[in-house]
Structures are given as structure tokens and as C-alpha cells.
Amino acid sequence: MASPYAIRIVGDPVLRQRADDVTDIDGRLAKLCQDMAQTMYEAPGLGLAAPQVGVQKRFFVYDLGAGDGTEVLINPVVTESAGEWEFHEGCLSVPGLGFDIVRPKEIHVTGVDLDGNEVSFEADELLARLVQHELDHLDGVLLLDHLDDEQRREAKKALRERAMVGEPAPAVPEPAKRSLFRLR
Ligand code: ZN
């Protein structure tokens, strides 16, 4: 079965807007999360934020493969952050490109789950990275905004070349092993 949603790609204005808080946690939102999760698994990716499927609401789905299934975080806020961690990061909305990006290593996150319960937890490394990446999407920020000058030149060139030839972007260069390329 085909994905219920097409993932929006860089250049789509919906990726550049700040999403609104979720006010109603109901069956409709649960269904949306289910459909987004399907889209994420089929991509495949580790996370998917609502704006990436054109929904301007502050929530995202993710699954780091730890066996807990699909997680949903609604109205997330990073309340504390510490340290620095470099990670090769990619995005389903910026297909074919990946960059080493430094962000805080540990964060404290609050939000709401699909049952309407408040959640509050510490995250580090991969989970911290995922949360920060998805939260960026809710603020209209893309990983391109985190690049240094050289990386930005490289990214613009790759995006330009792709636009000209109308071909998919080249494969992500090494190191791809621990890539968040699939984390969108
Ligand atoms: Zn992304």
C-alpha cells in the first residue's frame, strides 16, 4: 500500500513556516500520527514532523528502532541543553544530502503524548539529535540553516545541479553508517 502522504521537499514554503500548537488531542490526531508513521517507515526514516506532510501543527512521530514502536511527541519544548555533539545528519525533506552538524549533546524535553499526558524526559546523543531536528521542522528550520559557509556552498551547488538535470541527488558520502540521513 502506498504511503498516505508525500513528503514535502526543500523549496516547499510549508517547510518554512512556524507550526501552531496542537490544541485537540483526539482520534483525528491519532489517525494522522498513524498515517505519518507509515509514511516514515516507508521512506524510510527515523522521524517525521507534521509540516513535512503539509500539516502546520507542532508534533512529530519517531522510532529509533529500540523496540518501543512509534513514539509521538506533541507540543515539544527543549527546556535545557548541554554539551556539544557532532553527527552526520540528513533530512527526508532534503533528500540526498547529509552534513556533519554540531548540536547540544543532551537535552531535557517536555511535551504531551497521544493520551494527553504530559511527558518530561532527558535525551542524549541520537534521541537528543532527533528531537532537536524534528523540533526545528516545527519552527520552519531546516538542517541547511545549521551549515557552515563551506557546507552551505556545497549544499546549494548540489541542490542547483539537481534542479538543472532533474535527477535525484547523489548518494550520501561516507560516513553514512551512523547517518541520520534517514531521520527526517
Ligand atoms: Zn528533517
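Scanning the range 30-53 for residues that are surrounded by fewer than 18 Cβ atoms within 10 Å (Cβ to Cβ) and either β-branched (Val, Ile, Thr) or more than 16 Å from the ligand (Cβ to nearest atom) (or both) yields 30, 31, 34, 35.
Quick grid of which residues meet (1) in contact with a Phe, Trp or Tyr (Cβ under 7 Å, 6 or more places away or on another chain); (2) surrounded by fewer than 16 Cβ atoms within 10 Å (Cβ to Cβ); (3) part of a helix (DSSP H, G or I):
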{"position": "114", "(1), (2), (3)": "no, no, no"}
{"position": "120", "(1), (2), (3)": "no, yes, no"}
{"position": "126", "(1), (2), (3)": "no, no, yes"}
{"position": "132", "(1), (2), (3)": "no, no, yes"}
{"position": "154", "(1), (2), (3)": "no, yes, yes"}
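Regarding residue 56, is this residue of a type in the set (S, T, N, Q), more than 14 Å from the ligand (Cβ to nearest atom), in contact (Cβ under 8 Å) with a residue 40 or more places away in the chain and over 24 Å from residue 152 (Cβ atoms)? Taking the combined requirement at face value, the residue satisfies it.
Among the residues of the range 127-139, those that are within 12 Å of the ligand (Cβ to nearest atom), farther than 14 Å from residue 77 by Cβ and in contact (Cβ under 8 Å) with a residue 60 or more places away in the chain comprise 130, 133, 137. Within the range 134-152, being more than 25 Å from residue 53 (Cβ to Cβ) and assigned to a loop (DSSP other than H, G, I, E, B) holds for one residue alone: 148. Among (1) on the phi < 0 side of the Ramachandran plot; (2) within 14 Å of the ligand (Cβ to nearest atom), which single condition is residue 96 missing? Of the numbered conditions (1) on the phi < 0 side of the Ramachandran plot; (2) within 14 Å of the ligand (Cβ to nearest atom), the odd one out for residue 96 is (1).
Does any residue of the range 61-74 turn out to be touching a Ser or Thr at 6+ places or on another chain (Cβ under 6 Å), within 24 Å of residue 11 (Cα to Cα) and touching a residue at least 40 places away in the same chain (Cβ under 8 Å)?
Initial filter on the range 61-74 (touching a Ser or Thr at 6+ places or on another chain (Cβ under 6 Å)): 61, 63.
Checking which are within 24 Å of residue 11 (Cα to Cα) leaves us with 61.
Imposing the further condition that a residue be touching a residue at least 40 places away in the same chain (Cβ under 8 Å) reduces the set to none.
No, because not a single residue in the range 61-74 is touching a Ser or Thr at 6+ places or on another chain (Cβ under 6 Å), within 24 Å of residue 11 (Cα to Cα) and touching a residue at least 40 places away in the same chain (Cβ under 8 Å).
Based on what the data block shows, is residue 101 in a strand (DSSP E or B) and either within 16 Å of the ligand (Cβ to nearest atom) or farther than 21 Å from residue 21 by Cβ (or both)? It is true that residue 101 is in a strand (DSSP E or B) and either within 16 Å of the ligand (Cβ to nearest atom) or farther than 21 Å from residue 21 by Cβ (or both). Here residue 169 fulfils each of the conditions (1) at pLDDT 90 or above; (2) in contact with a Leu (Cβ under 8 Å, 6 or more places away or on another chain); (3) outside any strand (DSSP E or B) apart from (1). The set of residues from the range 77-93 being away from the ligand (no atom under 14 Å from the Cβ) and in contact (Cβ under 8 Å) with a residue 60 or more places away in the chain is empty.
With the structure loaded, tell me whether residue 72 is outside any loop (DSSP other than H, G, I, E, B) and surrounded by fewer than 19 Cβ atoms within 10 Å (Cβ to Cβ) or whether it fails that test. Can you show your working first?
On the way: outside any loop (DSSP other than H, G, I, E, B): yes; surrounded by fewer than 19 Cβ atoms within 10 Å (Cβ to Cβ): no.
No.
The values are calculated or read from the model by the stated rules, or taken from the named source; none is laboratory data. On a predicted model such as this, the values are computed, not experimentally measured, just so you know. Every residue, glycine as well, gets a Cβ built from its backbone with ideal geometry; the counts of neighbours run over all protein chains shown.
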